[in-house]
Amino acid sequence: MREGPLFKSLGRTGQIALTIFVVAAMVLIPLLRLLPDTSMVHPSDYTVTWLGKILCYMVLALALDLIWGLTGILSLGHGIFFAIGGYCFGMYLMRSIGHDGVYKSDLPDFMVFLDWKRYPWFWNGTQHFLWAAFLVVAVPAVLAFVFGYFAFRSRIKGVYFSIITQALTYAAMLLFFRNETGFGGNNGFTDFKRILGMDVTSEGMRTGLFMLSAALLTATLLGSFWLARSRFGRILTAIRDAESRLQFCGYDTLWYKLAIWTLSAVLAAVAGALYVPQVGIINPSEMSPANSIEVAIWVAVGGRGTLVGPLVGAAMVNMGKSWLTAHFPSLWLYALGGLFILVTLFLPDGVVGLVNSIRRKGKSGAPS
């Protein structure tokens, strides 16, 4: 990897970790996938899909850290942007099924079952990949901009902003649960067949989606480090620490908060768009307030404001979730709640903050 100024700013440990990740995701795993299925080191479809899903979650956590850790604005509704990105791309996936559905119709199966005669107007053009990709970015951006403009202009902040974002995602979930909205109701979108004419369940497509998820995570992480070290990022940090003092200096904080809020929403939506074809389904449960709260727990566990911490938290919590739900399914929610309480009481800076503290004490010669 070429060592530009941004790459050097990651520090020695960060450079090594990022290089290992890129080599493993872009070279090692695709090469191992070329081995026969009977090989012990051949990553299965389940493993690649599971890893790709976690990578999407890591992007979502990083998107929340930009608005919470960097700017000090806690959103408990980022699940709505993640789900909207998935629904926008899901419309393209549903249109790509063609006549391969159960009812052999031009319309998706759920529309035939509900006796729909034509596509709703907002489905127009979604058979085209580029238009669907545009919607993935444009729809959450517009929603975030409009919502954020009125919220920030009204100087809503703190717990009040968190509650409003939670109410927004809950209202959207109830709306998408209704069959007449044209988004599949309770079942959502599923049974995808192809992307750009290629089988979505094929080994090559699964590997490609995993690599795209890894590339998105890498680009988002590097972009976040650049943003945090830029003048814009320093203003965001000043908003987090002393917004009234910044306003006294003549800065209109509305537009800075609105810009990072919209960017965070778009990143969450792109992660959702990559998540859907890998897991094979998108439904309104992705918008549940509990899901958005869980994202905040990922960030808190890893260490908010550190950019790397949310990635660590998302990976740790979701790997633990996979293991616990497989072996002790009834204990998962208790474990998640207990973890959040322990982090809040004893690790306010998260896992990354703890590691950094130990390293500083080690360098200073103090007992760790």
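The values are calculated or read from the model by the stated rules, or taken from the named source; none is laboratory data. Predicted, not measured: the structure shown is a model, and the values here were computed from it. Cβ coordinates were reconstructed from backbone atoms using ideal geometry, including for glycine residues, and neighbour counts include every protein chain displayed.
Where in the range 1-119 are the helices (runs of 4 or more DSSP H), entirely inside, with at least 2 residues that are in contact with a Ser or Thr (Cβ under 7 Å, 6 or more places away or on another chain) and among the small types (Gly, Ala, Ser)? Lay out the reasoning, then the answer.
Numbers: elements: 5-8, 11-23, 29-33, 45-67, 79-95, 109-113.
Output list reads 45-67.
Checked against the criteria, LEU254 does not count as under 15 Å from the mean Cα position of the chain (by Cα), in contact (Cβ under 8 Å) with a residue 60 or more places away in the chain and in the same structural domain as HIS78 (by TED's automatic domain parsing). The residue that is farthest from TYR160 (Cα to Cα), counting only those in the range 132-144 that are of a type in the set (A, V, I, L, M, F, W, C) and either buried (at least 16 other Cβ atoms within 10 Å of the Cβ) or not assigned by TED's automatic domain parsing to the domain that holds ASN186 (or both), is ALA132.
Of the residues ALA300, ALA314, ALA296, only one is free of Cβ contacts under 8 Å to residues at least 60 places away in the same chain and not assigned by TED's automatic domain parsing to the domain that holds PHE176; which?
On the way: ALA314 fails: free of Cβ contacts under 8 Å to residues at least 60 places away in the same chain; ALA296 fails: free of Cβ contacts under 8 Å to residues at least 60 places away in the same chain.
Just one listed residue meets the conditions, ALA300.
Within the range 20-66, the set of residues being among the charged types (D, E, K, R) and over 27 Å from VAL301 (Cβ atoms) comprises ARG33, ASP37, ASP45.
For the range 209-242, give me each residue that is small (Gly, Ala, Ser), closer than 29 Å to MET287 by Cβ and surrounded by 15 or more Cβ atoms within 10 Å (Cβ to Cβ).
Taking the range 209-242 first, the residues small (Gly, Ala, Ser) are 213-215, 219, 223-224, 228, 230, 233, 238, 242.
Subsequent filtering for residues that are closer than 29 Å to MET287 by Cβ retains 213-215, 219, 223-224, 228.
If the condition is that a residue be small (Gly, Ala, Ser), closer than 29 Å to MET287 by Cβ and surrounded by 15 or more Cβ atoms within 10 Å (Cβ to Cβ), then SER213, ALA214, ALA215, GLY223, SER224, ALA228 are the ones that fit.
Of the listed requirements (1) out of contact with any Gly (no Cβ under 6 Å at 6 or more places or on another chain); (2) at pLDDT 95 or above, GLU243 misses just one: (2).
With the structure loaded, tell me whether PHE177 is in contact with a helix residue (DSSP H, G or I) (Cβ under 7 Å, 6 or more places away or on another chain), under 30 Å from VAL112 (Cβ atoms), surrounded by 20 or more Cβ atoms within 10 Å (Cβ to Cβ) and modelled with pLDDT under 95 or whether it fails that test. Write out each step before concluding.
Values: in contact with a helix residue (DSSP H, G or I) (Cβ under 7 Å, 6 or more places away or on another chain): yes; under 30 Å from VAL112 (Cβ atoms): yes; surrounded by 20 or more Cβ atoms within 10 Å (Cβ to Cβ): no; modelled with pLDDT under 95: yes.
Spelling it out, it is not the case that PHE177 is in contact with a helix residue (DSSP H, G or I) (Cβ under 7 Å, 6 or more places away or on another chain), under 30 Å from VAL112 (Cβ atoms), surrounded by 20 or more Cβ atoms within 10 Å (Cβ to Cβ) and modelled with pLDDT under 95.
When GLY272 is evaluated against the numbered criteria (1) modelled with pLDDT under 90; (2) in contact with a Gly (Cβ under 7 Å, 6 or more places away or on another chain), which criterion, by number, is the only one it fails? Only one criterion is unmet by GLY272, namely (1).
Taking ARG118 as the residue in question, decide whether it is surrounded by fewer than 19 Cβ atoms within 10 Å (Cβ to Cβ), without any contact (Cβ under 8 Å) to a residue 24 or more places away in the chain, among the charged types (D, E, K, R) and farther than 26 Å from VAL308 by Cβ.
Details: surrounded by fewer than 19 Cβ atoms within 10 Å (Cβ to Cβ): yes; without any contact (Cβ under 8 Å) to a residue 24 or more places away in the chain: yes; among the charged types (D, E, K, R): yes; farther than 26 Å from VAL308 by Cβ: yes.
For ARG118, the condition - surrounded by fewer than 19 Cβ atoms within 10 Å (Cβ to Cβ), without any contact (Cβ under 8 Å) to a residue 24 or more places away in the chain, among the charged types (D, E, K, R) and farther than 26 Å from VAL308 by Cβ - is met.
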